[in-house]
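Structure first, then comments.
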Amino acid sequence: MEEFNAQTFLGFLEKVLVLYPKGKIVMVLDNSPVHHAIMLNEFKEANPRLQFMYLPPYSPKLNIIEGLWGWLKDTCINNVFFDKFYKVKVAIRKFVKLVNSNPDETIDRLCVQL
């Protein structure tokens, strides 16, 4: 499993610029320290068509991924005791399969809060 850090995020940004070679790119980001890493400053200056917009701190209702995490916890983690770690992974994989197999329902559920 790859670690998500500033270097990983920088690699992602480089790929985005290659995939979308023209026009302005606006990314809406949460306030993860990775998104504010000093090592990104030079990269952002060198790529002015890439613009970051940060969500306000402590704004889970604006961050759709928070809804997904809550749904995951409610569905397969809360009030459940897993005696083996692999069982946690199995439950999460089952949840991900459910989400991926019903994209319209997933979008409706996660975007209803907006």
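The values are calculated or read from the model by the stated rules, or taken from the named source; none is laboratory data. This structure is a prediction, so every number in the text was calculated from the model and none was measured. Glycine also receives a Cβ, built like all others from the backbone with ideal geometry; neighbour counts cover every protein chain displayed.
Could you tell me how many of the residues in region 89-114 are assigned to a helix (DSSP H, G or I) and touching a Lys or Arg at 6+ places or on another chain (Cβ under 8 Å)? Explain how you work it out, then say what you get.
Filtering region 89-114 down to residues assigned to a helix (DSSP H, G or I) leaves 89-101, 103-111.
From what is left, the residues that are touching a Lys or Arg at 6+ places or on another chain (Cβ under 8 Å) are none.
Final tally of qualifying residues: 0.
Counting residues that are under 24 Å from Ile107 (Cα atoms) and among the acidic types (Asp, Glu), which helices (runs of 4 or more DSSP H) fully inside region 3-88 reach at least 1?
64-72
With the requirement that a residue be surrounded by 12 or more Cβ atoms within 10 Å (Cβ to Cβ) and touching a residue at least 12 places away in the same chain (Cβ under 8 Å), what does region 15-27 give you?
Once the filter is applied, which keeps residues that are surrounded by 12 or more Cβ atoms within 10 Å (Cβ to Cβ) and touching a residue at least 12 places away in the same chain (Cβ under 8 Å), region 15-27 yields Val16, Leu17, Ile25, Met27.
What residue, among those in region 32-66 that are within 19 Å of Gln7 (Cα to Cα) and charged (D, E, K, R), is nearest to the chain's Cα centre (by Cα)?
Lys44
Has region 58-68 got any residue that is out of contact with any Cys (no Cβ under 8 Å at 6 or more places or on another chain), closer than 28 Å to Leu17 by Cα and among the charged types (D, E, K, R)?
For region 58-68, residues out of contact with any Cys (no Cβ under 8 Å at 6 or more places or on another chain), closer than 28 Å to Leu17 by Cα and among the charged types (D, E, K, R): present.
With the condition kept exactly as written, say whether any residue in region 79-86 is modelled with pLDDT under 85 and either among the polar types (S, T, N, Q) or exposed (fewer than 13 other Cβ atoms within 10 Å of the Cβ) (or both).
no
Got at least one residue in region 86-102 being out of contact with any helix residue (DSSP H, G or I) (no Cβ under 9 Å at 6 or more places or on another chain) and either within 24 Å of Asn31 (Cα to Cα) or of a type in the set (Asp, Glu) (or both)?
No, because not a single residue in region 86-102 is out of contact with any helix residue (DSSP H, G or I) (no Cβ under 9 Å at 6 or more places or on another chain) and either within 24 Å of Asn31 (Cα to Cα) or of a type in the set (Asp, Glu) (or both).
Could you list, in sequence order, the residues of region 1-53 that are within 21 Å of Asn63 (Cβ to Cβ) and β-branched (Val, Ile, Thr)?
Thr8, Val16, Ile25, Val26, Val28, Val34
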